[in-house]
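Below is one structure, written out as structure tokens, with a few remarks after it.
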């Protein structure tokens, strides 16, 4: 099966976080070698920004550019945001109080590509009625 990983999941994976950050259900998904994992280029951009401003420390990365190769080392493929994702973004109805444009873009990409999205973000449940296949990582 294929899965998109939200920015928070990329952080947990790249930090090699302890089991408290990744639920048993999601750990089983990540451990299944028959699964394929993707990251939106939007999530990667967001992660690079967090790295540059010091909100995320990745000791294995010497620069923001190093994040790209580090993601690849985990077998995660970066999928670049395109016009089809943008069209889904334009049609997306935003949940009350959810104003994060990066989240909206990542959600739209997962819906457009018909690939489940794994995240710890509780707001993502609000988009399942619009076609988001959401796997919640309960921490």
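Read-outs: derived from the displayed coordinates by stated rules, not from any lab. Remember, it's a predicted structure, so these values are computed and weren't measured experimentally.
So what is the relative contact order for region 57-128, in percent, with contacts set as C-alpha pairs under 8 Å and at least six apart?
26
Axis angle, to the nearest 10 degrees, between helix 41-52 and the longest C-alpha principal axis of the chain: 50 degrees. For the chain, a Gaussian network of Cα nodes joined below 10 Å ranks 31, 69, 120 by mean-square fluctuation, and the top entry is 31. Calculated mean residue ellipticity at 222 nm for the chain: -12000 deg cm²/dmol, from DSSP H runs with n ≥ 4 weighted as -39500 (n - 2.57), summed, divided by the residue count and rounded to 500.
How would region 13-90 be classified by its alpha-carbon gyration tensor: rounded, prolate or oblate, with rounded meaning a/c under 1.5 and the a/b versus b/c comparison settling the rest? Note, shape of region 13-90 comes out oblate. Here the chain is treated as a Stokes sphere of Kirkwood radius computed over C-alpha pairs; at 20 °C and 1.002 mPa s its diffusion coefficient rounds to 141 µm²/s.
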